[in-house]
Amino acid sequence: MSTVYLDGAFLPRDKAVVSVMDRGFLFGDGVYEVIPVYSRKPFRLDEHLRRLHDSLDGIRLTVPHAIAQWPATIGRIIELSDSDDQSVLIQVTRGPMDVRNHAFPKTTTPTVFIMSEPLVTPAEEQRAEGIAAVSTADYRWLRCDLKVTSLLANCLLRQMAIESGCQETVLFRDGHLSEGAASNIFAVKNGVLLAPPKSHLMLAGITYDVVLELAASHGLPHQVRDILEEETREADELWMTSSTKEVLPIVTLDGHPVGHHENAGKPGPVFWRMYGWYQDFKRTVMRG
Ligand code: PMP
């Protein structure tokens, strides 16, 4: 049984219990982070913690736990886990309340939870084949920049993909690409990598940043700008990115092959270059 951290204590996961009056349970009033760990080293830890603090600020939740204490606690959870490659979840809610009331309690005792699970990255065959995606209107709220635990819309949208025999749902808002149900989406057109700009309409992915940094450092032409739905459908390549999926090529969208000519419906050449850079970058980080 894996060891988790809950409100100052390290304990077996089946002994970690949260109150039914916790606002995380009753309202989804909380934020979270998922940090990939390779060879027991957390990947981009500072960036994940900065985003966690931005999300906490965004929901106006102050945690007594200073940012300086997080790495040691996370380090301990990593040490106590069996796998070398892990996925660490940090979740902070606004804690329990005495009576059910939407307004914040006068005094707040946040619930802080950290656990680790083995990291499951996509199998090589899946990466080589690419994945199928469906698309739909982005019906989520207007603070998609916050990584909040109220994930019902994201769950429904991911489930839509699964029930269509696909792996991800690509979201369009007002005729523009926003992101995936649980990923950021990139397009490639005529050798140029296109990424939607960070805004309240999407989560600023840590992997998204890595991909853009790698494009810049390897001289891959790229543009961060609004991408029309039509451009997305006519792209030469589409990718999804996330901490656990890394970079995955989307080869069909709503049943239509992505791309043109001999590359239609197959992972494209720009994807393979980026994937190589990403793996090299990971190796460098793990050595350092
Ligand atoms: N957008 C959404 C809605 C997500 O859930 C995720 C995955 N957490 C991402 C984007 C990708 O973010 P990251 O690269 O930091 O995992």
Quick one: in the stretch 126-154, of everything that is part of a loop (DSSP other than H, G, I, E, B) and among the polar types (S, T, N, Q), which residue is least open to solvent (accessible area, probe 1.4 Å)? THR149
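Residue by residue, here is whether (1) part of a loop (DSSP other than H, G, I, E, B); (2) under 28 Å from CYS155 (Cα atoms); (3) in contact with a Phe, Trp or Tyr (Cβ under 8 Å, 6 or more places away or on another chain) holds:
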position	(1), (2), (3)
LEU194	no, yes, yes
PRO197	yes, yes, no
MET202	yes, yes, no
LEU212	no, yes, no
GLU231	no, yes, no
ALA235	yes, yes, no
LEU238	no, yes, yes
How about the stretch 1-61: which strands (runs of 3 or more DSSP E) wholly inside it have at least 3 residues that are within 21 Å of CYS144 (Cα to Cα)? 30-38
Of (1) crowded, with 19+ Cβ neighbours inside 10 Å; (2) within 13 Å of the ligand (Cβ to nearest atom), GLU47 fails just (1)
I'd like the residue in the stretch 155-194 that is among the charged types (D, E, K, R) and within 17 Å of VAL258 (Cα to Cα) and, out of all such residues, is surrounded by the fewest Cβ atoms within 10 Å (Cβ to Cβ). LYS189
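Check the stretch 221-234 and report whether any residue there is in the same structural domain as GLU129 (by TED's automatic domain parsing), hydroxyl-bearing (Ser, Thr, Tyr) and more than 18 Å from ARG273 (Cβ to Cβ). Before you say what the answer is, go through the steps one by one.
Initial filter on the stretch 221-234 (in the same structural domain as GLU129 (by TED's automatic domain parsing)): 221-234.
Right, trim to hydroxyl-bearing (Ser, Thr, Tyr) and you get 232.
Filter again for more than 18 Å from ARG273 (Cβ to Cβ), leaving 232.
Within the stretch 221-234, one or more residues are in the same structural domain as GLU129 (by TED's automatic domain parsing), hydroxyl-bearing (Ser, Thr, Tyr) and more than 18 Å from ARG273 (Cβ to Cβ).
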Run VAL18 past the list (1) closer than 24 Å to ALA182 by Cα; (2) open to solvent by 30 Å² or more (accessible area, probe 1.4 Å) and report the number of the one that doesn't hold. (1)
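From the residues in the stretch 212-264 that are among the β-branched types (Val, Ile, Thr) and closer than 15 Å to ASN184 by Cα, which one is surrounded by the fewest Cβ atoms within 10 Å (Cβ to Cβ)? Break it down into steps so the answer makes sense when it comes.
First, the residues of the stretch 212-264 that are among the β-branched types (Val, Ile, Thr): 224, 227, 232, 241, 244, 247, 250-252, 258.
In the following step, the residues that additionally are closer than 15 Å to ASN184 by Cα were identified as 224, 227, 232, 241, 244, 247, 250.
Numbers: VAL224: 14, ILE227: 23, THR232: 22, THR241: 25, THR244: 16, VAL247: 24, ILE250: 28.
Looking at the filtered set, the residue picked out is VAL224.
With the structure loaded, tell me whether TRP277 is buried (at least 18 other Cβ atoms within 10 Å of the Cβ) and in a strand (DSSP E or B) or whether it fails that test.
No; evaluated as a whole, the condition is false for this residue.
The values are calculated or read from the model by the stated rules, or taken from the named source; none is laboratory data. These figures come from a predicted structure and were not determined experimentally. Please note: Cβ atoms are built from the backbone with ideal geometry, for glycine as well, and neighbour counts cover all protein chains shown. In case anyone asks, the SASA skips ligands and DNA or RNA and just uses the protein heavy atoms, side chains included. Shrake-Rupley method; radii C 1.70, N 1.55, O 1.52, S 1.80 Å.
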